[in-house]
Amino acid sequence: MSTGRWTDAENDLIVADYFAMLADDHAGRPINKAEHNRALQERTGRPRGSIEYKHQNISAVLLGLGEDWLRGYKPAFNFQNSLVDSVARWLTINSAWMNRPPTHRLQPGTYEAAQLWIGPAPTLKNEPPPEALDRMLGMARKFDIAGRDERNRKLGEAGEERVLEYERATLASSGRQDLAKRIRWVSKEDGDGAGYDISSFEPNGAARLIEVKTTNGGWDRTPFHISRNELAVADVERESWCLVRLWNFAREPKAFELRPPLDRHVTLAPTSFLASFQ
């Protein structure tokens, strides 16, 4: 029976097995975890408990990468760096995984589309952040998770649509169907550049300018990109601008709101510079 550190070949085997189970889970197919474990025991020579714990390690890596993970394997954060590399290799080879359309896309106007859990921002919660927070954030920076999510147009559009329907339903339930009809999906109708995605209203008629940031994974602290223009608009329109952060979108979308000034809630770090010739 094998002991000691897992090899790259063993990591690649168990990562592929994990994603096979995750794909079945997303498709609503039953998963026989014991059968998967036995197959890995035969191929790697590792004991059952070691394989179970490695699956938990993979959940932790996916949490740090802003991806969805199997709920039956609670994240265990003391993983090897080689496991992170193995997960990154799998995602690179299977690039369609991160660009897949949302599995739970809902019809606009439905009751389900109107439901959205809005909670406190991570900085306002009493609970501590996940274990190994610095390591998780380091992983997100190394693999530019924020940039990846920003480039995923299917994910971004689906998140905006979910918030759009939530806004319409909220105003309608407040007796303001007149305002609900006037909500505009600005980023889709006019294109990017306004500094917000949705033009909505408060029940009293006040403007509500919403920028939406969406992540598939189940970690509310996953970093995200925000443009210089969005920050400028947030500063000018402080009374009406807000950022709705959607997370856990692959499972059961949850959200929280951030109001300007954003540096009360997050650390803003420059990620690129404009180079001009003198």
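The values are calculated or read from the model by the stated rules, or taken from the named source; none is laboratory data. Nothing here was measured: the structure is a model prediction, and the numbers come from that model. Cβ placement follows ideal geometry from the backbone for every residue including glycine, while neighbour counts extend to all protein chains displayed.
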>> One residue is enough: does the stretch 146-168 have a residue meeting the conditions crowded, with 19+ Cβ neighbours inside 10 Å, touching a Lys or Arg at 6+ places or on another chain (Cβ under 7 Å) and not β-branched (Val, Ile, Thr)?
In response: yes
>> Only one of GLY195, GLY175 is touching a helix residue (DSSP H, G or I) at 6+ places or on another chain (Cβ under 6 Å), at positive phi and at pLDDT 95 or above. Can you tell me which?
In response: GLY195
>> Here is a list: SER174, SER227. Which entry is farther than 30 Å from ARG135 by Cα and either in contact with a strand residue (DSSP E or B) (Cβ under 9 Å, 6 or more places away or on another chain) or surrounded by fewer than 22 Cβ atoms within 10 Å (Cβ to Cβ) (or both)?
In response: SER174
> Quick one: is ALA169 in the same structural domain as PRO122 (by TED's automatic domain parsing) and modelled with pLDDT of 95 or more?
Replying inline: no
> Can you name every residue in the stretch 25-54 that is within 20 Å of the chain's Cα centre (by Cα) and surrounded by 13 or more Cβ atoms within 10 Å (Cβ to Cβ)?
Replying inline: ASP25, HIS26
>> If I ask for residues that are of a type in the set (Val, Ile, Thr) and crowded, with 16+ Cβ neighbours inside 10 Å, which ones from the stretch 80-95 would you list?
In response: VAL84, VAL87
> Pairs under 9 Å by beta carbon, first residue outside the structural domain of THR214 (by TED's automatic domain parsing) in the stretch 129-155, partner basic (Lys, Arg) and surrounded by 16 or more Cβ atoms within 10 Å (Cβ to Cβ), six or more apart or different chains?
Replying inline: none
> Taking the stretch 181-192 on its own, how many of its residues are at pLDDT 95 or above and either crowded, with 18+ Cβ neighbours inside 10 Å or in a loop (DSSP other than H, G, I, E, B) (or both)?
Replying inline: 6
> In the stretch 177-194, what count of residues is obtained for those that are touching a residue at least 24 places away in the same chain (Cβ under 8 Å) and out of contact with any strand residue (DSSP E or B) (no Cβ under 7 Å at 6 or more places or on another chain)?
Replying inline: 4
> Hey, does the stretch 63-78 have a residue that's at pLDDT 95 or above and polar (S, T, N, Q)?
Replying inline: no
> Considering only residues of the stretch 26-43 that are of a type outside the set (S, T, N, Q) and either outside any helix (DSSP H, G or I) or at pLDDT below 95 (or both), which is nearest to VAL87 (Cα to Cα)?
Replying inline: HIS26
> Out of the residues in the stretch 32-50 that are without any contact (Cβ under 8 Å) to a residue 24 or more places away in the chain and among the aliphatic types (A, V, I, L, M), which is farthest from ARG71 (Cα to Cα)?
Replying inline: ALA39
